[in-house]
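Chemist: Can you keep this structure in mind? I'll have questions shortly.
The values are calculated or read from the model by the stated rules, or taken from the named source; none is laboratory data. In this text the structure is predicted, and so the values were computed from the model without any measurement. Virtual Cβ from ideal backbone geometry, glycine too; neighbours counted across all protein chains shown. SASA here: full protein model, heavy atoms, side chains in, ligands and nucleic acids out. Shrake-Rupley method; radii C 1.70, N 1.55, O 1.52, S 1.80 Å.
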Amino acid sequence: MTAAADPVKLMKQEVGKAAAALVKSGSIVGLGTGSTTAYTIQFLGDHLKSGELQDIIGIPTSFQSEVLAKQYGVPLATLDAIDHIDIAIDGADEVDPQKNLIKGGGAAHTREKVVDYLAEQFIVVVDSGKLVERLGSTFAVPVEVIPMAITPVTNAIKKLGGKPELRMGIKKAGPVITDQGNFVLDVRFDSIEDPVSLEKTLNNIPGVLENGIFVNCVDLVLIGEVKDGQPLVRQL
């Protein structure tokens, strides 16, 4: 199936293109993880090849974004080599009206949070199906846990009213292993009334490395939609 015959794929490409267009020459760019952000990385590479962009440096948030950046010719650096990030572009699994997020569907939320929170401008790219009135409506909260602490962390989360489930691998026996070598608990809550407080509470549990609630950090959300078979991009 071609992109022209697949409006959802074409919509993701348009959102990725819109985000890439916001990157200026000389920028240090946080490269997010996921299917829509992959198109952003591709378009950044295209802009570099055409000369439309010059002298950008990418900071990858996962092995996936690192591989894509190398594939499309985007120069990379580590956080040790830079002193700031101008712009970060990343996806999300849920976005609420206050631009708070749940991320971590790809188990990369720890590195994503480090990079995205450092950026002077953080842009989120999603399709309209990711918009929710309240976080946790459709997606569990991913919590990265060091393996030796999985049982006590599970018990602590249950005491908070969460329903944790160890994320299992696909085409792999056993649990998902993050880029840091840890496990992921996907935690359902009946209602997340205060995401700011819950983010801090989860991270204060000994053995938790990071959770997928992102609060008070997003500057712009680019939202892709398909209407009458045509892709549209709007802003929040």
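Chemist: Would you mind calculating the relative contact order of the chain from Cα pairs under 8 angstrom and at least 6 residues apart, reporting the percent as a whole number? Intermediate results must be reported in sequence, preceding the final value.
Modeler: Details: 515 pairs, mean separation 52.5, N = 236.
22 percent.
Chemist: Describe numerically, in nm with one decimal, the distance between label points set 7 Å from Cα along Cα→Cβ at ASN155 and at ASP228.
Modeler: Here the answer is 6.1 nm between the modelled labels.
Chemist: Rounding to the nearest 10 and keeping the result within 0 to 90°, find how far the Cα-based axis of helix 35-50 lies from the longest principal axis of the chain.
Modeler: Computed tilt is about 30 degrees.
Chemist: Next up: If you take the beta carbon distance between LYS171 and VAL114 as r and set R0 to 25 Å, what does 1/(1 + (r/R0)^6) give as a FRET efficiency, to the nearest 0.05?
Modeler: 0.35
Chemist: While we're on this one: Report the FRET efficiency, 1/(1 + (r/R0)^6), for GLN235 and ASP6, where r is their Cβ-Cβ distance and R0 is 25 Å, rounded to 0.05. Can you show the working numbers first?
Modeler: Values: r = 24 Å, r/R0 = 0.95.
Taking R0 as 25 Å, the efficiency between GLN235 and ASP6 is 0.55.
Chemist: Please list 217-230, 117-130 highest first by mean number of surrounding beta-carbon atoms within 10 Å per residue. Could you put the intermediate results ahead of the total?
Modeler: Values: 217-230: 15.6, 117-130: 19.7.
Going by the mean number of other Cβ atoms within 10 Å, highest first, we get 117-130, 217-230.
Chemist: Label-point separation (nm) for THR138 and CYS217, each offset 7 Å from Cα along Cα-to-Cβ?
Modeler: 2.2 nm
Chemist: Could you work out the relative contact order of the stretch 98-183, using alpha carbon pairs under 8 angstrom and six or more residues apart, expressed as a whole percent?
Modeler: Relative contact order of the stretch 98-183: 31 percent.
Chemist: So, one more: Can you give the helix-only mean residue ellipticity at 222 nm for the chain, where every DSSP H stretch with n ≥ 4 adds -39500 (n - 2.57) and the sum goes over all residues, rounded to the nearest 500 deg cm²/dmol?
Modeler: Result for the chain: -9000 deg cm²/dmol, rounded to the nearest 500.
Chemist: Separate question: State the Cα centre-to-centre distance between the stretch 82-140 and the stretch 186-225 in whole Å.
Modeler: Centre-to-centre distance over Cα atoms comes out at 9 Å.
Chemist: With everything on Cα atoms, drop me the angle between helix 109-118 and the longest principal axis of the chain, reported from 0 to 90° to the nearest 10.
Modeler: Once rounded, the angle reads 60 degrees.
Chemist: At 7 Å along the Cα-to-beta-carbon direction for both ILE82 and ILE146, put a label point, then send me their distance in nm to one decimal.
Modeler: My value for the distance between the label points is 2.8 nm.
Chemist: Still on this structure, please answer the following. So for the stretch 141-209, averaging the separation of alpha carbon pairs under 8 Å that are six or more residues apart and normalising by length, what relative contact order in percent results?
Modeler: 47 percent
Chemist: Report, to the nearest 10°, how far helix 150-159 tilts away from the longest principal axis of the Cα atoms in the chain, using its own Cα long axis and a range of 0 to 90°.
Modeler: 80 degrees
Chemist: Please compute the per residue accessible area over the chain with all protein chains in place, 1.4 Å probe, rounded to a whole number of Å². Present the calculation step by step, with values, prior to reporting the outcome.
Modeler: Working: 11150 Å² over 236 residues.
Per residue, the chain has 47 Å² of solvent-accessible surface.
Chemist: Probe radius 1.4 Å, ligands and nucleic acids ignored: give me the carbon and sulfur share of the accessible area of the chain as a rounded percent.
Modeler: On the way: 5890 of 11150 Å².
In the chain, the share of accessible area belonging to carbon and sulfur is 53 percent.
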